[in-house]
1. Taking the range 46-104, which residues are within 13 Å of the ligand (Cβ to nearest atom) and free of Cβ contacts under 8 Å to residues at least 24 places away in the same chain?
2. Starting from the range 160-183, keep only residues that are away from the ligand (no atom under 14 Å from the Cβ), then list their pairs with residues that are polar (S, T, N, Q) and part of a helix (DSSP H, G or I) whose Cβ atoms are within a distance under 7 Å, requiring at least 6 positions of separation or different chains.
3. For the range 74-108, enumerate the residues that are within 14 Å of LYS121 (Cβ to Cβ) and of a type in the set (Asp, Glu).
4. If a residue counts only when it is hydroxyl-bearing (Ser, Thr, Tyr) and within 25 Å of GLY90 (Cβ to Cβ), which strands (runs of 3 or more DSSP E) contained entirely in the range 141-225 have at least 2 such residues?
5. Taking the range 10-20 as the search range and keeping residues that are of a type in the set (Gly, Ala, Ser) and open to solvent by 20 Å² or more (accessible area, probe 1.4 Å), which one is farthest from the ligand (Cβ to nearest atom)?
6. Do any residues in the range 193-209 that are more than 18 Å from ARG168 (Cβ to Cβ) and of a type outside the set (Asp, Glu) have Cβ atoms under 6 Å from those of residues that are open to solvent by 60 Å² or more (accessible area, probe 1.4 Å) and not in a loop (DSSP other than H, G, I, E, B), where the two are at least six apart or on different chains, and which pairs are they?
7. Take the residues in the range 134-185 that are surrounded by 15 or more Cβ atoms within 10 Å (Cβ to Cβ) and at positive phi, then tell me which one is modelled with the lowest pLDDT.
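The values are calculated or read from the model by the stated rules, or taken from the named source; none is laboratory data. Here the structure is a predicted model, which is why all the values come from computation and not from measurement. All Cβ positions, glycine included, derive from the backbone under ideal geometry; neighbour counts span all protein chains shown. Ligands, DNA and RNA are excluded from the accessible area calculation, which covers all protein heavy atoms including side chains. Shrake-Rupley method; radii C 1.70, N 1.55, O 1.52, S 1.80 Å.
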Amino acid sequence: MDEATTLTPSDLAPRTSSTRSIAEALSHHSTDTLKHYYDHWARHYDADVEAEAYCGPTMIVDLLDAVAQRTGVRHDSHIFDACCGTGLVGRTLHARGYRLISGCDLSEIMIDKAGASQVYKRLYPNTDLTQPLPDDLPRNFDAVVCCGAFIPTHLPATALRNLIAMTRPGGVVVVSIREAYYTTDGFEALLQTLVHEQGLSVLQTKLSASYLQNARAHYLALQVA
Ligand SMILES: C[S@@+](CC[C@H](N)C(=O)[O-])C[C@H]1O[C@@H](n2cnc3c(N)ncnc32)[C@H](O)[C@@H]1O
């Protein structure tokens, strides 16, 4: 095959340290190496994603705000930020007026940064959302948000079941899913199963929307039955 036909615009873009960091995060094949990667990346994560025009946190909170009234979510509701990382979503929620924010993450160093932002009421470090939920995690949040973690080598589609299990009946789950990963990891089939099995409803979506300068994402707001 002619080499020119196999190149994409992002292949042709200059490789900066921030694009390399993001690409490298997608290349891990065990939870342990991923955790170590984030422990190391924590120091310059915020600067790197800002350099890549990362707008996931704003998009997620916009979608939560858009469905809040219908789902009884208010500024004094309990919000859970799954895979909170350094706290970009928590800070966005706080700036919009939400005050009772908790979160979890796999990486202790990422979550230390989130703690330093002082917008989280409670944080759960060393939490692996690919595993059964730990007993100390509440199961009655009004809203559970998860931004930037449904991407290759991070959370599989099936981790949606954990997010739903943490949400009160009638509450809302708002997630971002990298566009290409949505098709390859079977999100559509799982969502159909959850609609039939658990009465989940898809409230609102933003499809193929802005995410990073070189990647788009689907954003879904789901209501738990
Ligand atoms: C791309 S960052 C997104 C962080 C934050 N939500 C944001 O939007 O900036 C992905 C985060 O998911 C966490 N993570 C990856 N796999 C995880 C897992 N199995 N369980 C919990 N957290 C995980 C990483 O430690 C990292 O902080």
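1. GLU50, ILE101, GLY103
2. Every condition considered, the pairs that remain are ILE164/GLN198; GLY170/THR71; GLY171/THR71; VAL172/THR71.
3. If the condition is that a residue be within 14 Å of LYS121 (Cβ to Cβ) and of a type in the set (Asp, Glu), then ASP76, ASP81 are the ones that fit.
4. Details: elements: 141-150, 167-178, 201-212, 215-223.
Where strands (runs of 3 or more DSSP E) fall fully within the range 141-225 and carry at least 2 residues being hydroxyl-bearing (Ser, Thr, Tyr) and within 25 Å of GLY90 (Cβ to Cβ), they are 167-178, 201-212.
5. So the first thing to find is which residues in the range 10-20 are of a type in the set (Gly, Ala, Ser), and the list is 10, 13, 17-18.
Narrowing the set further to residues that are open to solvent by 20 Å² or more (accessible area, probe 1.4 Å) leaves 10, 13, 17.
Values: SER10: 17, ALA13: 19, SER17: 16 Å.
Filtering the range 10-20 for residues that are of a type in the set (Gly, Ala, Ser) and open to solvent by 20 Å² or more (accessible area, probe 1.4 Å), the one farthest from the ligand (Cβ to nearest atom) comes out as ALA13.
6. Listed by first residue and then by second, the contacts come to SER208/GLU179; SER208/ARG216.
7. The extreme case among them is THR153.
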